[in-house]
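Input: a single structure, listed below in structure tokens.
The values are calculated or read from the model by the stated rules, or taken from the named source; none is laboratory data. Worth saying up front: this structure is predicted, and the values here are computed from it rather than measured. Here the Cβ positions follow ideal geometry from the backbone for every residue, glycine too, while neighbour counts run over all protein chains shown. Side chains included, ligands, DNA and RNA excluded: accessible areas come from the protein's heavy atoms. Shrake-Rupley method; radii C 1.70, N 1.55, O 1.52, S 1.80 Å.
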Amino acid sequence: IRIEKEGNTKFLRVENNDPNKDVTCENFFKLDPSWKKVKISAKIRTKDLKCGPEIYQDARVMVTFTDAKGNQVGGYDEVPCVKANQDWKEAIAVRDVPEGAVAIRLQVGLIHSTGTADFDDIKVEEAK
């Protein structure tokens, strides 16, 4: 995982050559308590992508929510993801904020998939 630069644009590059491993970068972000839905978006570019056999094994921005104690609340649902080689393209998911959620956890990377995935302009914002 590293920061790359093309022209004036910097982005996150994730590479994996072992289909039995996940390669991710993660962070937690506090949620605005008034938000009932969130929109998660990212520009994703992939090269030599070979996804695993399970539906969740791809290049993605994995999204989970946590309560005040750091425990996960809510389940796994739609996430911005890519399952084939592509140039830069925006991927978007809209999620309901589960009851008790105070933070959102984003894991950006390759989940049991090999190749290269580039991520840019990752955003979490209120969905109306």
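Couple of notes before you dig in:
- Lone unmet requirement of (1) touching a strand residue (DSSP E or B) at 6+ places or on another chain (Cβ under 9 Å); (2) open to solvent by 40 Å² or more (accessible area, probe 1.4 Å) for THR64: (2)
- Residues located in the range 72-128, provided they are aromatic (Phe, Trp, Tyr) and within 14 Å of the chain's Cα centre (by Cα): TYR76, PHE119
- Across the range 23-41, the number of residues qualifying as crowded, with 16+ Cβ neighbours inside 10 Å, outside any loop (DSSP other than H, G, I, E, B) and either in contact with a Pro (Cβ under 9 Å, 6 or more places away or on another chain) or of a type in the set (A, V, I, L, M, F, W, C) (or both) comes to 4.
- Residue list for the range 94-128, restricted to those being under 14 Å from THR66 (Cβ atoms) and open to solvent by less than 40 Å² (accessible area, probe 1.4 Å): ARG95, VAL97, PRO98, ALA101, ALA103, ILE104, LEU106, GLN107
- Any chance ILE44 is out of contact with any Cys (no Cβ under 9 Å at 6 or more places or on another chain), open to solvent by less than 20 Å² (accessible area, probe 1.4 Å) and either of a type in the set (Val, Ile, Thr) or not in a strand (DSSP E or B) (or both): no
- The range 1-22 residues that are in a strand (DSSP E or B), paired with ones that are of a type in the set (Lys, Arg) and surrounded by 12 or more Cβ atoms within 10 Å (Cβ to Cβ) (beta carbon under 6 Å, 6 or more apart): ARG2/ARG13; GLU4/ARG13
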